[in-house]
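Enquirer: Got a structure for you, written out below as structure tokens; questions coming shortly.
The values are calculated or read from the model by the stated rules, or taken from the named source; none is laboratory data. Please read all numbers here as calculations on a predicted model, not as lab measurements. Neighbour counts are summed over all protein chains in view; Cβ atoms, including those assigned to glycine, are modelled from backbone coordinates with ideal geometry. When the accessible area is computed, the model is the full protein with side chains, heavy atoms only, and any ligands, DNA or RNA have been set aside. Shrake-Rupley method; radii C 1.70, N 1.55, O 1.52, S 1.80 Å.
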There are 2 protein chains.
Amino acid sequence: MEGQYSSKLLDDAVGQFAKLPGIGRKTALRLVLHILREEKEEVSLFTEAIRAVRNDIHYCTVCHNISDTETCDICANPQRDHGTVCVVESVRDVMAIEATRQYGGVYHVLGGVISPMDGIGPDDLNIASLEERAAAGQIGEVILALSATMEGDTTNFYIYKRLASYGVKLTTIARGISVGDELEYADEVTLGRSLVNRVPFEQTI
Amino acid sequence: MEGQYSSKLLDDAVGQFAKLPGIGRKTALRLVLHILREEKEEVSLFTEAIRAVRNDIHYCTVCHNISDTETCDICANPQRDHGTVCVVESVRDVMAIEATRQYGGVYHVLGGVISPMDGIGPDDLNIASLEERAAAGQIGEVILALSATMEGDTTNFYIYKRLASYGVKLTTIARGISVGDELEYADEVTLGRSLVNRVPFEQTI
């Protein structure tokens, strides 16, 4: 599909946009033609923001969340409960949990889950630094909030083994029927687990 | 919605992506997190391609098509029929017509259509240069290939009046394209056939 336009510059820009996930060549062309109609100063702001986010961003030295500083805003916040650590796969999960406004603890971003099929082992993830945090003795509870997949379960179990000797309470987020979902469309595993892990009705009101 | 992330750099980059048409903040975040995982060299290629396409691109001095040179490949091609000029709204329409492989003439890109509602008058479009091309006496036929909208019809009629005195044959592409549809979304067969079956403009008014 390369070289189909009358301009190599146009071709290059469309090709670059089309490399982004979920952006096809037709959408890429639409975006580039939009950029051609924008002021040069606006386009400079766009390219500079992308350059800066890639080259200047930090990852929090404590929890590996995205940050502009050595320690992220959450880890640096004395109002958060630093004795409770929620383990997540990615920074997007941090954002999703923060959006619920239900959590006052801190995080630990693994950077993925153990997936032998994709060649991702424990050493490719931020698990050693999680163990260090547990070994430091300041953590009372680690909440495992990974995806409800085989890889997520494998990673949960691996972390459980690694942290076993530190006397840290390990919990996982509840699996069950999504709020608003109808029972008959729930998959059997989810429905089964939601029955086994049923909670006293009084807790839910 | 600004300032919702833990990093100002991330916030800026997401905000910039979200300015693009059809890109919401959720998609913008996905794109920025993708860029964070890319090699710096790859991201440099991306920003450089965007900078270059905005700053270095030319518009053909004859037909106003996008070009890397003073005169575009189509206008510079001696094999094209320079006596037949197809008038279109945008460079995307040139691409759409070229993709049909049904047309051997040259183009004239107006840069839009007359639209008083949007404050676009004849002087905002490349109509004077079209008249100059007609006045030069080298053009036998002008094919009007604008969108089948009220604005497109208005622009057709305006061009018809402007070119009336130059003895140029005026045709419009056949209304095989549904009224209200935009040219670039038409399928290639319909668009190609509508070019082959073009009719004298007088029949359409």
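Enquirer: Using only the alpha-carbon atoms of the protein assembly as shown as identical scatterers, what base-10 log of I(q)/I(0) does the Debye formula give at q = 0.10 Å⁻¹?
Expert: For the protein assembly as shown, the Cα-only Debye profile gives -0.81.
Enquirer: Now a separate question. Quick one: if you stick a label point 7 Å off each Cα along the C-beta vector at residue A:184 and residue A:52, how many nm between them?
Expert: For residue A:184 paired with residue A:52, the spin-label model returns 5.5 nm.
Enquirer: Right, something else. Please list, by residue number, every one of the GluC sites (Glu not before Pro) in the range A:1-82 that is coil in DSSP and has at most 12 other beta-carbon atoms within 10 Å.
Expert: A:2, A:39, A:70
Enquirer: In bins 5 Å wide, starting from 0, what share of all Cα pairs of the range A:1-113 does each bin hold, as a percent?
Expert: Cα pair-distance distribution for the range A:1-113, in percent: 2, 10, 14, 16, 12, 10, 11, 11, 8, 4, 2, 1, 0.
Enquirer: Once you list every other residue whose beta carbon is under 13 Å from the beta carbon of residue A:85, what net charge do they have if Lys and Arg are +1 and Asp and Glu are -1?
Expert: Its environment carries a net charge of -1.
Enquirer: Could you check the simple spin-label distance between residue A:141 and residue B:131, using points 7 Å along Cα→Cβ, in nm with one decimal?
Expert: 7.8
Enquirer: Sticking with this one: Semi-axes of the equivalent ellipsoid of chain A: what are they in whole Å, largest first, if each equals the square root of 5 times a C-alpha gyration tensor eigenvalue?
Expert: So the three semi-axes of chain A are 40, 24, 18 Å.
Enquirer: How large is the accessible surface of residue B:201 in square angstrom, using a 1.4 angstrom probe and rounding to the nearest 10?
Expert: The value for residue B:201 is about 10 Å².
Enquirer: Could you tally the net charge around residue B:170, taking each other residue with its Cβ under 12 Å from the Cβ of residue B:170, Lys/Arg +1 and Asp/Glu -1?
Expert: +2
Enquirer: Can you list the HN-Hα couplings for the range A:120-129, worked out from phi with the Karplus curve (6.51, -1.76, 1.60; θ = phi - 60°), rounded to whole Hz and with x for Gly and Pro?
Expert: 9, x, x, 6, 7, 10, 7, 8, 4, 5
Enquirer: Give the calculated FRET efficiency between residue A:98 and residue A:120 to the nearest 0.05, with a Förster radius of 22 Å applied to their Cβ-Cβ distance.
Expert: After rounding to 0.05, the efficiency reads 0.30.
Enquirer: Here's another thing I want to ask about it. For the protein assembly as shown, what is the calculated [θ] at 222 nm in deg cm²/dmol (nearest 500), taking -39500 (n - 2.57) for each run of four or more DSSP H residues and dividing by its residue count?
Expert: Here the helix-only value at 222 nm equals -12500 deg cm²/dmol.
Enquirer: Can you list the HN-Hα couplings for the range B:160-173, worked out from phi with the Karplus curve (6.51, -1.76, 1.60; θ = phi - 60°), rounded to whole Hz and with x for Gly and Pro?
Expert: So the J values, rounded to whole Hz, are 3, 5, 5, 9, 3, 7, 9, x, 8, 6, 10, 10, 10, 5.
Enquirer: For residue B:86, enumerate residues with amide H under 5 Å from its amide H, sequence gap 5+ or separate chain, H modeled in the peptide plane.
Expert: Under 5 Å from the amide H of residue B:86: B:106, B:107, B:108, B:143.
Enquirer: With a 1.4 Å probe and all protein chains kept in place, how much accessible area does residue A:125 have, in Å² rounded to the nearest 10?
Expert: In the full protein context, residue A:125 sits at about 10 Å².
Enquirer: Please state the relative contact order of the range B:3-104 as a whole percent: Cα pairs under 8 Å, 6+ residues apart?
Expert: 11
Enquirer: Could you tell me which of the pairs A:26/B:169; B:8/B:40; B:19/B:40; A:161/B:26; A:19/B:19 are separated by over 25 angstrom between their Cα atoms in the structure shown?
Expert: Correct reply: A:26/B:169; A:161/B:26.
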